[in-house]
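Here the structure is laid out as C-alpha cells; the discussion comes afterwards.
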Amino acid sequence: MFKEHWLPIVDSVPARAARVRWWDKGATAGGGDPTAGVLVAYAGGITYIEDVVRGQWAAGERDAIIRRTAEKDAEVYGPVTYWGEQEPGASGKDAAAAFIKLLAGFPVYTEPTTGSKETACDPLASQAEAGNVRVKRAAWSSAFIAEACDFPSGKHDDQIESAARAFNKLARYPAPASGSNIEARQIHAPKPRSGWQRT
C-alpha cells in the first residue's frame, strides 16, 4: 500500500501544527507485538510522521514510558492529543479507562476500532501517493518506512497502523492554516459522544 518514494525524509517539521499521537499497546517484554506511539503532525496540507516511540515492554514499564512520552511531548511540541484503541469486552473497557487515567492532565481519548487495518491505512496511503506525506529524519525513520512498505503482509504493522489512525483524526478535525497548537487541539478533540472516554 506504500512505496518508499512516497515517504520522503525531511529534517524539520513546522512548529505550528496540529498533533496527535496514537498508541498501539503491546504488553510483553522482549516478545509479542511491540508497543508503538506515533506522533503525526499536520500543517499546510502536509502530514508529517514526526516521532515514533516503540518497544517490547511489560505493562508496567510500557505505561511509564507512555506517561514520560506525554510529558516530553508537552515540553518539545506543546499541546498533543492522545488516542488509543478500546478493545471489545469488559477487559477492553477497563484497559481504556486505565489508559485515560494514565494520561490524566492531557487530552486523551479512546475509541473502538472497526474495519480492517488496510481500510484504516488507505487514507494515509492516498495522501502519501499524492505527495502530501513526509517522515522526519531520526533513528527510527528507516524502520518506519520499511514497515510501511511491507504493509499489509509484513511481520509487524504497529507503527504504520498507529500513524494511519493518528492521521485519520487529524484529517477529520484539521487545524486552520494560521492556527496554533491550542486551536488545533480544540478542533480535533471534539465533545465526547457515545463510545468515547476522556479525562
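When the stretch 23-59 is limited to residues that are among the charged types (D, E, K, R) and more than 15 Å from residue 82 (Cα to Cα), the one that is farthest from the chain's Cα centre (by Cα) turns out to be 33.
Just a yes or no: is a residue in the stretch 2-16 under 15 Å from the mean Cα position of the chain (by Cα) and either closer than 27 Å to residue 152 by Cβ or in contact (Cβ under 8 Å) with a residue 40 or more places away in the chain (or both)? No: the stretch 2-16 contains no residue that is under 15 Å from the mean Cα position of the chain (by Cα) and either closer than 27 Å to residue 152 by Cβ or in contact (Cβ under 8 Å) with a residue 40 or more places away in the chain (or both).
Of all residue pairs spaced 6 or more apart or on separate chains, those with beta-carbon atoms under 9 Å, a first member in the stretch 154-174 that is assigned to a loop (DSSP other than H, G, I, E, B) and a second member that is among the aromatic types (Phe, Trp, Tyr) are 157/151; 174/42.
When each of 13, 40, 52, 20 is tested for being at pLDDT 95 or above, surrounded by 16 or more Cβ atoms within 10 Å (Cβ to Cβ) and part of a loop (DSSP other than H, G, I, E, B), the lone residue that passes is 13.
Of all residues in the stretch 81-130, those that are part of a helix (DSSP H, G or I) and among the hydrophobic types (A, V, I, L, M, F, W, C) total 13.
Just one of (1) modelled with pLDDT of 50 or more; (2) hydroxyl-bearing (Ser, Thr, Tyr); (3) surrounded by 14 or more Cβ atoms within 10 Å (Cβ to Cβ) fails for residue 180. It is (1).
The set of residues in the stretch 60-73 being touching a Gly at 6+ places or on another chain (Cβ under 9 Å) and either touching a residue at least 40 places away in the same chain (Cβ under 8 Å) or among the aliphatic types (A, V, I, L, M) (or both) consists of 65, 66, 69, 70.
The values are calculated or read from the model by the stated rules, or taken from the named source; none is laboratory data. Because the structure is a prediction, the values reported are computed rather than measured. Ideal geometry is used to build each Cβ from the backbone, glycine not excepted, and the neighbour counts take in all protein chains shown.
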